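Worksheet: the structure to be examined is printed underneath.
Only the coordinates and a few stated rules stand behind these numbers; no lab work does. For clarity, every value in this text was computed on a predicted model and none was experimentally measured. Neighbour counts are summed over all protein chains in view; Cβ atoms, including those assigned to glycine, are modelled from backbone coordinates with ideal geometry.
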Amino acid sequence: MVTFEVKDMSCGHCVSNITRAVMALDGQARVDIDLAAHRVAIEPAAADADALRQAIADAGFTPVQV
Ligand SMILES: [Cu+2]
């Protein structure tokens, strides 16, 4: 499990953008997002933590691994 705090994730649109970015990188990943807590928890199938962080950053967000 790889968990990020994403403080600039603020609405459902952000949630779907982040989910799409992660799934584009790793189509078998499980993504669990808690919008209120600004937490993105990912159970990757193939991608490593740094690739996941980069994919979320490329989608326009600021992920910090926790
Ligand atoms: Cu948003």
For segment 27-39, Karplus couplings with θ = phi - 60° (6.51, -1.76, 1.60), whole Hz, Gly/Pro x
x, 9, 5, 9, 10, 10, 10, 10, 4, 4, 8, 6, 10
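Excluding A57 itself, calculate the net charge of residues whose Cβ lies under 12 Å from the Cβ of A57, where each Lys or Arg counts +1 and each Asp or Glu counts -1. Don't jump to the answer; show the numbers that get you there.
Values: positive: R53; negative: D8, D50, D58.
Once positives and negatives cancel, what remains is -2.
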Measure nothing but the geometry: give the 0 to 90° angle between the long axis through the Cα atoms of 12-25 and the longest principal axis through the Cα atoms of the chain, rounded to 10°.
10 degrees
Principal-axis tilt of helix 49-58 within the chain, Cα atoms, nearest 10 degrees
50 degrees
Label-to-label distance, nm, for residues given as K7 and V64 (7 Å Cα→Cβ offset)
0.5 nm
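So between D50 and D34, what do we pick up on full extension, going 0.36 nm a residue minus the alpha carbon distance? Intermediate results must be reported in sequence, preceding the final value.
Details: separation 16, 0.36 × 16 = 5.76 nm, distance 2.05 nm.
Taking D50 through D34 to full extension adds about 3.7 nm, to one decimal.
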